[in-house]
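I have a structure I would like to understand better, so I am pasting it below and will then ask my questions one at a time.
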Amino acid sequence: MNLRGRHFLKLLDYSKEEINYLLELAADLKEKKKERIFTEYHKGKNIALIFEKTSTRTRCAFEVAAYDLGMNVTYLDPSCSQIGKKESTADTARVLSSMYDGIEYRGFEQDIVEELALYSGVPVWNGLTNEFHPTQMLADLLTIKEHFGELAGIKLTYMGDARYNMGNSLMVACARMGMHFTACTAAEYFPAPELVSECEEIAEASGGSITLTEDIAVGTAGAKVIYTDVWVSMGEPDEIWEKRIRDLKPYQVNANVMKQADQDAVFMHCLPAFHDIKTATGKEIYQKFGITEMEVTDEVFESARSVVFEEAENRMHTIKAIMAATL
Ligand code: CP
Ligand code: NVA
């Protein structure tokens with residue numbers, strides 16, 4: 001398998017075999033890291049990390065993975081570069097690719113990262129856009145595989161805003177890998193019909209399936225993975241909270257939801273999560289709307305079924321695999 005020079009913009013661009021190859025490579029790199037076997041495969045190379053939105057996991061995963069591969073990193077934060085404000089995406093791509101061996105981009109529309117890749121002479125990796133979060137997908141697939149030993153046939157149920165980056169990406173990932181994806185939420189929050197059709201075609205070939213339902217009993221029955229994400233994503237206006245709480249509270253992942261899923265079901269979340277009021281936003285929401293937990297209850301988040309921190313660790317191993325393979 002040769003992925004050298006390839007961009008990593010969305011999972012739709014990658015075949016099942018290529019995804020499996022990256023997952024195996026990530027598992028191998030994880031093993032090596034635990035055994036303290038050095039993996040400086042790209043010693044002396046340099047990468048740029050562009051973040052137009054904030055991050056803990058993705059940034060740290062890229063930085064640590066880059067150091068482990070022997071590389072140097074430049075971090076461009078949401079306010080410190082000319083990108084988009086004084087310099088176009090196309091010009092930025094040509095400048096950065098003359099200095100760096102790879103570029104990570106986190107920001108707004110998918111079109112921006114696609115344009116960056118179009119004008120870049122080096123691999124571009126999508127660290128999250130409004131539409132997709134592909135590096136998160138590899139971490140999630142690795143976590144599911146570690147937990148259940150396989151991907152094909154697993155039912156994953158996503159509850160919450162399924163038309164944004166996480167819902168879209170999980171639907172694509174499941175379709176590709178022969179998994180059964182269910183969006184269990186209010187109909188307004190189902191993924192866009194065009195993407196659903198595309199994923200249905202992919203799922204037909206892989207042995208997977210796509211289900212959209214408002215019914216929690218239908219959505220959770222037999223699910224091995226219950227997945228959720230924040231109700232309001234980065235870049236969305238604060239005024240939307242009230243409506244989101246009203247629409248999505250019925251789909252909060254709580255003990256009752258977990259009880260209806262498969263008895264071995266795990267809880268997953270890309271993080272950060274609002275499961276208590278120990279954050280500034282959590283406190284603000286509590287003051288305004290009187291709720292102490294949002295998309296997931298603290299009980300489920302802290303339960304033995306929650307694999308969210310394994311998932312977070314796997315961000316680093318999988319991002320390392322992407323960079324190791326594409327550089
Ligand atoms: N899951 C995720 O992308 O986390 P960060 O926003 O902290 O990078
Ligand atoms: N949907 C979330 C994902 C964060 C990793 C957001 O875009 O803010």
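Being in a helix (DSSP H, G or I), free of Cβ contacts under 8 Å to residues at least 60 places away in the same chain and either polar (S, T, N, Q) or closer than 26 Å to ARG6 by Cβ (or both), is that true of even one residue in segment 127-136? Steps first, answer last, please.
Taking segment 127-136 and keeping what is in a helix (DSSP H, G or I), we get 134-136.
If we keep only those that are free of Cβ contacts under 8 Å to residues at least 60 places away in the same chain too, we end up with none.
No; the residues of segment 127-136 include none that is in a helix (DSSP H, G or I), free of Cβ contacts under 8 Å to residues at least 60 places away in the same chain and either polar (S, T, N, Q) or closer than 26 Å to ARG6 by Cβ (or both).
Residue by residue, here is whether (1) within 23 Å of the chain's Cα centre (by Cα); (2) closer than 19 Å to CYS270 by Cβ holds:
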{"site": "THR74", "(1), (2)": "yes, no"}
{"site": "MET99", "(1), (2)": "no, no"}
{"site": "GLY107", "(1), (2)": "yes, yes"}
{"site": "LEU116", "(1), (2)": "yes, no"}
{"site": "PRO123", "(1), (2)": "yes, no"}
{"site": "ASN130", "(1), (2)": "yes, yes"}
{"site": "HIS133", "(1), (2)": "yes, yes"}
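Same structure, new question: When the residues of segment 179-217 are narrowed to those that are small (Gly, Ala, Ser) and under 19 Å from the mean Cα position of the chain (by Cα), which ends up surrounded by the most Cβ atoms within 10 Å (Cβ to Cβ)?
Step one: of segment 179-217, the residues small (Gly, Ala, Ser) are 183, 186-187, 192, 197, 203, 205-209, 217.
With under 19 Å from the mean Cα position of the chain (by Cα) added as a condition, the list becomes 183, 192.
Working: ALA183: 27, ALA192: 12.
Step by step, filter segment 179-217, then rank; the result is ALA183.
Checking the conditions here, which among THR281, THR220, THR228 is within 16 Å of ligand 1 (Cβ to nearest atom), open to solvent by less than 70 Å² (accessible area, probe 1.4 Å) and under 23 Å from ALA175 (Cα atoms)?
THR228
Select from segment 65-95 the residues that are buried (at least 17 other Cβ atoms within 10 Å of the Cβ) and out of contact with any strand residue (DSSP E or B) (no Cβ under 8 Å at 6 or more places or on another chain) and list them in ascending order. Outline the logic, then answer.
The first filter runs over segment 65-95 and keeps only residues buried (at least 17 other Cβ atoms within 10 Å of the Cβ), leaving 65-66, 68-69, 71, 73, 76, 81, 83, 89, 92-93.
Of everything in segment 65-95, those that are buried (at least 17 other Cβ atoms within 10 Å of the Cβ) and out of contact with any strand residue (DSSP E or B) (no Cβ under 8 Å at 6 or more places or on another chain) turn out to be ALA65, ASP68, LEU69.
Just name the residue that is surrounded by the fewest Cβ atoms within 10 Å (Cβ to Cβ) out of those in segment 106-147 that are within 13 Å of ligand 1 (Cβ to nearest atom) and of a type in the set (Phe, Trp, Tyr).
Result: PHE132.
Another question, then. Out of curiosity, is GLU150 assigned to a helix (DSSP H, G or I), open to solvent by 50 Å² or more (accessible area, probe 1.4 Å) and either of a type outside the set (Ser, Thr, Tyr) or free of Cβ contacts under 8 Å to residues at least 40 places away in the same chain (or both)? Before the answer, list the steps.
On the way: assigned to a helix (DSSP H, G or I): no; open to solvent by 50 Å² or more (accessible area, probe 1.4 Å): yes; either of a type outside the set (Ser, Thr, Tyr) or free of Cβ contacts under 8 Å to residues at least 40 places away in the same chain (or both): yes.
In short, no.
The values are calculated or read from the model by the stated rules, or taken from the named source; none is laboratory data. Nothing here was measured: the structure is a model prediction, and the numbers come from that model. In this analysis, Cβ positions are derived from the backbone assuming ideal geometry, glycine residues included, and neighbour counts consider all displayed protein chains. Accessible surface is based on the protein model in full, side chains and every heavy atom, while ligands, DNA and RNA are left aside. Shrake-Rupley method; radii C 1.70, N 1.55, O 1.52, S 1.80 Å.
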